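K.L.:
Structure in structure tokens, see below.
The values are calculated or read from the model by the stated rules, or taken from the named source; none is laboratory data. Keep in mind the model is a prediction, meaning the values are calculated, not measured. Quick reminder, even Gly has a Cβ in these numbers, built from the backbone with ideal geometry, and neighbours come from all protein chains shown.
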Amino acid sequence: PDYYELLSVSPSASPADIKAAYHRALLASHPDKRELVNGLSKFADIDIGLLKQAFNTLYTPSLRKEYDVRRSASGNPRGPRPAQVISLEDFEEREGPDGTTWAYPCRCGGQYVVTEDMLDAGQHLVGCGSCSEAVWAGYELVEDTEGSA
């Protein structure tokens, strides 16, 4: 099973996002908290042990690195397909202790977040921190040149 898909997080999700997704999945699969649809729980078939294994693997940096290597080497990488293309100009710019980030709301209520490191790496595919949706963030890298004004 794809642990990212199981926890509904993108491969670029932070440890905090993974932990939050794990807790949401546990709560959703709890017998007293399940939502019944036609008398059946939509989470009735979730294996709690598998959820725990997915969380431990993705939350622990060394295990996550090994998992990502195996996942990409399987020949069937299941990277997210972008739902839409959004200009970086449409993202909300935020200043923080770790530098500038840009955020855009997802339809699930979560956010797509672009960091300066992602810009420097030329990474355009951005996953939502709360679901498995991804968008293509459109931007151009501009080189700073001496003497330009």
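K.L.:
If you take the residues in region 48-65 that are surrounded by 10 or more Cβ atoms within 10 Å (Cβ to Cβ) and at pLDDT below 90, which one is nearest to the chain's Cα centre (by Cα)?
P.N.:
Here the residue is L51.
K.L.:
Kindly evaluate P77 against the criterion of being more than 15 Å from S10 (Cβ to Cβ) and either surrounded by fewer than 19 Cβ atoms within 10 Å (Cβ to Cβ) or at pLDDT 85 or above (or both).
P.N.:
no
K.L.:
Right, something else. Which count do you get for residues in region 97-138 that are without any contact (Cβ under 8 Å) to a residue 40 or more places away in the chain, assigned to a strand (DSSP E or B), surrounded by fewer than 20 Cβ atoms within 10 Å (Cβ to Cβ) and over 12 Å from the mean Cα position of the chain (by Cα)?
P.N.:
So the answer is 7.
K.L.:
On to the next question. For S29, work out the one condition from (1) modelled with pLDDT of 85 or more; (2) surrounded by 15 or more Cβ atoms within 10 Å (Cβ to Cβ) it doesn't fulfil.
P.N.:
It is condition (1) that S29 fails.
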